[in-house]
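Some notes on the structure that comes next.
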Amino acid sequence: MQATTVLVEGESDRLAVETLAGRRGYDLASQGVSVVPMGGATSIGHFLNRFGPNGADHRLLGLCDARESLGVAKALARAGIGSDPLEGFGFQVCTADLEDELIRSLGVDVVLNVIANQGELSSFELLQRQPSLRDLPVEAQLRRFFGGRSGNKIRYAPLLVTALPAGKAPPPLARLLESFGM
């Protein structure tokens with residue numbers, strides 16, 4: 001069986017993919033699937049050289065943010081993988097980022113409950129009162145909350161995925177798991 005490597009931008013993406021896979025009963029290790037955080041999408045060339053057709057020749061899948069998709073597509077073309085739309089190569093694109101996808105899938109109230117359960121609702125409310133953020137939609141404030149403090153994306157990614165109702169996952173994440181073929 002050919003190994004599958006799932007390239008994701010960061011550690012929070014890895015945790016989200018692995019958490020959802022576990023919730024859906026996938027045993028990634030036994031299926032030869034590894035989720036590899038790249039430390040940012042701009043590092044994809046290195047990982048394509050390592051795991052792609054000129055390296056270990058793994059089956060490659062991935063998840064990236066919309067703003068990084070052009071760079072990912074160019075890297076795939078340079079690596080000889082192709083130049084079709086990313087989804088045709090098993091690379092799923094989040095509209096803004098994975099946190100945005102999770103917020104939309106869960107809804108604001110559920111996300112606020114997750115934050116409250118972590119004892120950080122007052123911290124989020126303080127952030128909302130900052131002059132640069134107070135006029136933004138709550139979804140944008142939530143994205144700032146997750147991305148603004150070191151470690152918050154990593155901390156909250158599995159919590160938000162765990163809060164998803166059964167069978168309801170952000171479309172890019174759901175399509176990625178479906179492409180595992182398990």
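The values are calculated or read from the model by the stated rules, or taken from the named source; none is laboratory data. Keep in mind that what you see is a predicted model, and the values were worked out from it rather than measured. Glycine also receives a Cβ, built like all others from the backbone with ideal geometry; neighbour counts cover every protein chain displayed. Surface areas here come from the heavy atoms of the whole protein model, side chains and all, with no ligands, DNA or RNA. Shrake-Rupley method; radii C 1.70, N 1.55, O 1.52, S 1.80 Å.
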Whole-Hz ³J(HN,Hα) from phi, Karplus 6.51 cos²θ - 1.76 cosθ + 1.60, for the range 151-157, glycine and proline x
x, 5, 4, 5, 5, 8, 3
Working from Cα positions, state the angle (0 to 90°, nearest 10) between the long axis of helix 108-117 and the longest principal axis of the chain.
80
In whole angstrom, note down how far apart the Cα centers of the range 61-129 and the range 14-40 are.
16
Just the number, please: carbon plus sulfur as a percent of the accessible area of the chain, 1.4 Å probe, no ligands or DNA/RNA counted.
50
Rolling a 1.4 angstrom probe over the protein heavy atoms, how many square angstrom per residue are accessible across the chain?
48
Cα-centre dipole for the chain with unit charges at Cβ (Lys and Arg positive, Asp and Glu negative), debye to 20
160
With Rg/Rh (Cα atoms, Kirkwood Rh) as the read-out, I listed (1) 0.94; (2) 0.97; (3) 1.00; which label goes with the value calculated from this structure?
(3)
Taking each pair of different alpha-carbon atoms in the range 1-87 once, compute 1/r for the pair, average those values, and report the inverse of that mean as the Kirkwood hydrodynamic radius in Å to one decimal.
13.2
